[in-house]
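Structure first, then comments.
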Amino acid sequence: MAVERTFSIIKPDATRRNLTGRINAVFEQNGLRIVAQKRIWMSRQHAKTFYAVHKDRPFYASLVDFMCSGPVVVQVLEGENAVAKHREVMGATDPAKAADGTIRKLFAESIEANSVHGSDSVENAAIEIAYFFAGYEIVG
Ligand code: GDP
């Protein structure tokens, strides 16, 4: 299996409840190494651009509001098969459908306030990482 990097966000519902360390522990217990991390408050324009793929979905405006409602922690995670592994440990988008032990089952408040974001492909991970991090901020 290849060593990959993926992009992760700990969302405002999780930072508000002081869950950053508990979520990071789940990543680390599952072989994902945090090679970059910073806490930021996303601007509306930043959130709109990041989620532009969803701009025609009925939840887009609400999602953008939510992502700007408090601090987030943006991260680069590295490990074998990191993109798929990360999505596995996050669990299904809707916490009601997420498997036991996943982050969304453990911590998510709703289908929108679902605690974490993870890239869905190696290609998108590279785009998302470059949107938030300069090369010198990523130290493997
Ligand atoms: P993900 O890859 O599992 O994060 O899911 P998607 O890419 O489909 O959706 C992006 C984000 O939009 C999700 O993580 C949720 O925060 C939000 N979202 C997805 N579906 C819904 C929905 O039906 N209603 C609302 N309010 N938000 C949603």
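Before moving on, here are some points about what is shown:
- Charge sum, other residues only, whose C-beta stays under 11 Å from I103's C-beta, Lys/Arg counted +1 and Asp/Glu -1: +4
- With an a/c value of 1.5 or above and a/b not larger than b/c for the gyration tensor axes a ≥ b ≥ c computed over the alpha-carbon atoms, region 44-124 is described as oblate.
- Of A113, A61, A47, the one that fluctuates the most in a GNM where the chain has Cα springs shorter than 10 Å: A61
- Ranking F66, A99, Y51 by Cα position along the charge dipole of the chain, where only Lys, Arg, Asp and Glu carry charges on their C-beta atoms, puts F66 farthest toward the positive end.
- Backbone N under 15 Å from the S43 label point (7 Å along Cα→Cβ), restricted to region 66-102: 68
- Residues V139, V73, ranked from the fewest to the most other C-beta atoms within 10 Å, line up as V139, V73.
- Within-15-Å neighbourhood charge of W41 [Cβ basis; K, R +1; D, E -1]: +4
- Shape call, the chain: gyration tensor on alpha carbons, a/c limit 1.5: rounded
- Among T49, T6, T15, sorting on how many other beta-carbon atoms sit within 10 Å of each Cβ, with the fewest leading, yields T49, T15, T6.
- As a rough footprinting exposure proxy, the listed residues V122, V53, V76 were ranked by other beta carbons within 10 Å of their own, and the order from fewest upward is V53, V122, V76.
Each value in this text was obtained by applying a stated rule to the coordinates, not by laboratory testing. The structure presented is a predicted model; accordingly, all values stated were derived computationally and were not measured. Cβ: placed from backbone, ideal geometry, glycine included. Neighbour counts: every protein chain shown.
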